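Following: one structure in structure tokens, then a few remarks.
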Amino acid sequence: MTLTWQMLRVATGAAMAVVLLVMAALVGVYMAIAPNLPDIHGPDVFRLQEPLRIYSRDQILIGEFGNERRTPIAFDKMPPVLIQAFLAAEDARFFEHSGVDVKGLGRAAIHLLRTGRKEQGGSTITMQVARNFFLTNERTFERKIKEIILAVELERSLSKQKLFELYLNKIYLGERSYGVASAAETYFGKQPHELSLAEAALLAGLPKAPSRYNPMRNPSLALERRNYVLDRMLALHFIDAVAYQQARTAPVTVGLKPPRVASLAAHAADMVRADMVAHYGEAAAYTAGLKVYTTIDADLNRHARQDVLEAVLAYERRHGFRGPLGHLDSADLQGGPARLERLLSEWPVVADAIVPAVITSTNAQGWTLYARGHGTMTLPKAAWRWAGQAAASLHPGAVVQVMPIAPEGSLQDGSASTPPRGWLLAQTPKVQGALVALNPQTGAIESLVGGVDFEHSQFNRVVQAHRQAGSALKPFIYSAALEEGITPATMFDDTPVVVHTSSGLWMPGNYGGSLHGRVSLREALRKSLNLVSIKVLQRIGVSDGRRFLQNFGFREEQLPNGLSLALGTADVTPLELARAYAVLSNGGYLVTPYLIESVHDAAGKPIYRHPETVLCDACLAGSDNTSTFAPRVISAQNTFVMRDLLHDVTVRGTAAQVRQLGRQDVAGKTGTSTDFHDAWFAGFTPTKVAIAWLGFDQPQSLGSGETGGRAALPMWLSFMSHALRNVPDVPAVSPPGVLMARVDPATGYMAAANDPAGVAELFLASHPPPSPTAATGQAPPMEAVPRDLF
């Protein structure tokens, strides 16, 4: 008996000694590790990386930049089924333990003793939060001890709900998706509260091995893992047998559904991205969760993008089919859809619309094709007639490109929800196009398409392509002429000009080589007569003309110091031209184009708002905290007369197609640069300015006859027909200081009251039409063009 008590006392003492030694060891370990533990109480330690998100003015996502796609969600917004699924998969006792699950750690320790291998196990959700925010993923005892210590500290500092919220927002779930909200969008196109039980269980199975259980890449493994999570949920009484059975038999139906942003306004979004990086630095721009709201109208930009594509494809059709992309052999054609999809994936989809397809058979009615992502289709002869004999001679196996025809009243850009009316033979365009539209009262850029396809060319032609403006520059020369006393009725001789230059004789001509004799300034602009434009610039003087053009925002260095300026040899970007035409639209004020309306931090707090644009008659260009000042640069009277002259261009001139809009408030000018290198149309109403351009990136001729009226105007016209829908037609009101008088169209002089040939014309009050009896009663002689001015 005594021996037994002695043995018990020894055992008890030994046990206490072991406990004390263990405690001492733990204290020692803690003392050794604690000084090197990260601070978990700092102000930004739990800041989640969020990408830069860029939105249209109607809050549609048009750009997202950053390595981690994440949308944080609060705990109270997480549906119970999602919470229960992750508890079942990762830590069923999360709401019971104090950060460390002793049972789980015990199981991991026993496994280590039995196998000698360290396995991931015993980590609670709190420990995972500690690891994900403060530690690395290396599997060492030291890291595990740090994880345990930090988990205990976190449990003391944060609520269970906050810890769970941090966990579900931080974890990586595959496909660049961090957090459950992003993963729900990526895999299912849903918000978390919309997830089914089966979908929630699938997401909960991903943290263990996001790549291995990725439902897009390994659907069978994803199904197995999902069903394991459902088994756990049933065992934990989170769900009943009925719900369990329904979810377990549900198929894995996922499709990669990242937000569609690239095809809507990618060039505009990239401009904003670059601005944010320049302003905030790369790290903050891509990780701080900035939200930028732009001036872009999403619906308008969809149409603009389609209009640019249609214009360049129309050009391509006019210039012929270049032949097939390649050929597949007969064995490939017999390989079935999966093989054809794989083979056709070698060729890209262009502009979300032009897809590769292989001809599988031909007959008298047309072709049967297999199109990438669209399956088998028929293409009647009418769909490829434009390609002529080059298409008619194609045989099965030829790889071509096709594009959908949009249903009436909709777009077909790869995102349309309604099926196309049919398909057309197409080809990747070599030519490029651009379109920009802004509000002339504020400078807000409402639409911007910098090229056919951002994915294949990030070059932004709206702001980076400096091209000759051609005749689109003439209105500014004519505006300068009005200031110098020349009137719309002033007569000029449309006769040849020969100028000696340092490189030889310069003999410009009108388009087509035509001559029109004696014409008024109005008729010369309406017909875009080059020879008269040169004589107008000669009359006002090149130096004064260059100085006046700077009122429209053009820089002195981009304006040639010679008479060639009258033909638009200045290199401008479409946005610069839009700014200049805005002066004519808004009554004489130089607005500053802008794209960013506001910037908000990750919490939604505004950190920048664009100042209100103020049109002012007596101010200098600039801004303060509340206003951006747009100074008056030309008179309201000058702009009114110029708008009338340019409206005439759209009614009876080189842009007469614009009449189909049926509006009185539209004005504009075609532009074609030397040797047909550039085709332009610049047009406006009181509420919108739009510039359309078409050309090659490496300047070369578009081909004879490819004028602004033929190549660029249809793009502008299609865009404005949509942009002006439901916009009231409000012709400009004449300001004080503008006169209307009847003139003799043959002389430009005041017509007699009873002269039936007299026509009404506008004049600045400071420069009324001359009387036929003034001086000699004859038309003043025209000055010859000096031979040394160029």
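From zero outward in steps of 20 Å, how is the percent of C-alpha pairs of the chain spread across the bins?
13, 34, 28, 16, 7, 2, 0, 0
Apply the Karplus parameterisation 6.51 cos²θ - 1.76 cosθ + 1.60, with θ equal to phi minus 60°, to every residue of region 656-663 and state each ³J(HN,Hα) to the nearest whole Hz, in sequence, with x for glycine and proline.
5, 4, 5, 4, 5, 5, x, 10
What fraction of the Cα pairs in region 198-239, stated in percent, has a spacing above 14 angstrom?
Across region 198-239, Cα pairs with separations above 14 Å total 39 percent.
Leaving out ligands, DNA and RNA, what percent of the accessible area of the chain is carbon and sulfur, probe 1.4 Å?
Here it works out to 55 percent.
So which of K144/K208; K160/K190; K77/K162; K170/K190; K170/K208 end up more than 22 Å apart by C-alpha?
With Cα atoms farther than 22 Å apart: K160/K190.
Over the chain, average the accessible area per residue using a 1.4 Å probe and give it in Å², no decimals.
Ligands and nucleic acids excluded, the result is 45 Å² per residue.
Over every pair of different alpha-carbon atoms in region 504-633, take the mean of 1/r and invert it; report that Kirkwood radius in Å.
Value: 17.6 Å, from the Cα pair sum.
Taking the mean number of other Cβ atoms within 10 Å as a proxy for protection, how do you rank 724-735, 344-355, 707-718 from highest to lowest?
Output ranking for 724-735, 344-355, 707-718: 707-718, 344-355, 724-735.
May I have the pair-distance distribution P(r) for region 182-337, computed from all Cα-Cα distances with 10 Å bins from 0 and rounded to whole percent?
The distribution over region 182-337 is 8, 21, 20, 23, 20, 6, 1, given as percents.
At a 10 angstrom cut-off on C-beta neighbours, averaged per residue, how do the peptides 396-403, 566-573 rank from highest to lowest?
566-573, 396-403
Remind me, what semi-axes does region 379-525 give for its equivalent ellipsoid, largest first in whole Å, using sqrt of 5 times each Cα gyration tensor eigenvalue?
Semi-axes from the Cα gyration tensor: 44, 24, 17 Å.
With +1 on the Cβ of every Lys and Arg and -1 on the Cβ of every Asp and Glu, and nothing else charged, how large is the dipole of the chain about its Cα centre, in debye rounded to the nearest 20?
Here the size comes out at about 2060 debye.
With equal scatterers on the alpha carbons only and no solvent term, can you work out the Debye log10 of I(q)/I(0) for region 287-350 at 0.15, 0.17, 0.22 1/Å?
-0.81, -0.86, -0.97
Can you give me the P(r) profile for region 638-688? Cα pairs, bins 5 angstrom wide beginning at 0, each as a whole percent.
Going from the shortest bin to the longest, the percentages are 5, 21, 30, 22, 14, 7, 3.
Would you mind computing Rg(Cα) / (2.2 N^0.38 Å) for region 619-664, counting N as its residues?
Ratio of Rg to 2.2 N^0.38 Å for region 619-664: 1.74.
Suppose the Debye formula is applied to equal point scatterers at every Cα of region 466-539; what is log10 I(q)/I(0) at q = 0.21, 0.23 Å⁻¹?
With one equal scatterer per Cα and no solvent, log10 I(q)/I(0) is -0.94, -1.09.
Listed highest first by mean packing, meaning other Cβ atoms within 10 Å per residue, what order do 556-565, 319-328 come in?
Per-residue Cβ counts within 10 Å, averaged per peptide and sorted highest first, yield 556-565, 319-328.
The values are calculated or read from the model by the stated rules, or taken from the named source; none is laboratory data. Small disclaimer: the values here were computed from a predicted structure and weren't measured. A quick note on method: Cβ atoms are made from the backbone with ideal geometry, for glycine too, and the neighbour counts reach across all protein chains shown. All accessible areas refer to the heavy atoms of the entire protein, side chains included, with ligands and DNA or RNA removed. Shrake-Rupley method; radii C 1.70, N 1.55, O 1.52, S 1.80 Å.
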